[in-house]
Amino acid sequence: PLPRNAEGSGYTMVIGTVTGIYIDDAVIKDGLVDYHAFVPISRLGYRDYGRTSDIFMASRPGQE
């Protein structure tokens, strides 16, 4: 169990495995998802969502 917050409410954590996704062929370019072809949104929590407006690449540590 996770600790309770200041109001005494509990938390729930769900851990799962993604077993499949669907991506419309219209947003695939050169075998990769073209994020400029659609406007992805993200769930931030509570009733808050966000839109992706800036997309950039960053190298991972140990990669060229």
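Bear in mind these aren't lab numbers, they're just calculated from the coordinates by the rules spelled out. Computed from a prediction, not measured in an experiment: that's the story for all the values here. So basically every Cβ, Gly included, is an ideal-geometry build from the backbone, and we count neighbours across all protein chains shown.
Find the residue count for the stretch 16-32, including only residues that are surrounded by fewer than 10 Cβ atoms within 10 Å (Cβ to Cβ) and either touching a Ser or Thr at 6+ places or on another chain (Cβ under 8 Å) or among the charged types (D, E, K, R) (or both).
Summing the residues that are surrounded by fewer than 10 Cβ atoms within 10 Å (Cβ to Cβ) and either touching a Ser or Thr at 6+ places or on another chain (Cβ under 8 Å) or among the charged types (D, E, K, R) (or both) in the stretch 16-32 gives 3.
Out of the residues in the stretch 14-60 meeting the condition of being of a type in the set (Asp, Glu) and not in a loop (DSSP other than H, G, I, E, B), tell me which one is farthest from Leu2 (Cα to Cα).
Asp25
If Arg4 meets every condition in (1) surrounded by 10 or more Cβ atoms within 10 Å (Cβ to Cβ); (2) part of a strand (DSSP E or B) apart from one, which number is that one?
Of (1) surrounded by 10 or more Cβ atoms within 10 Å (Cβ to Cβ); (2) part of a strand (DSSP E or B), only one is false for Arg4: (2).
Between residues in the stretch 30-41 that are without any contact (Cβ under 8 Å) to a residue 60 or more places away in the chain and residues that are polar (S, T, N, Q) and surrounded by fewer than 10 Cβ atoms within 10 Å (Cβ to Cβ), which pairs lie under 9 Å by C-beta distance while being six or more apart or on different chains?
Sorted first by the residue in the stretch 30-41, then by its partner, the pairs are Val39/Ser53.
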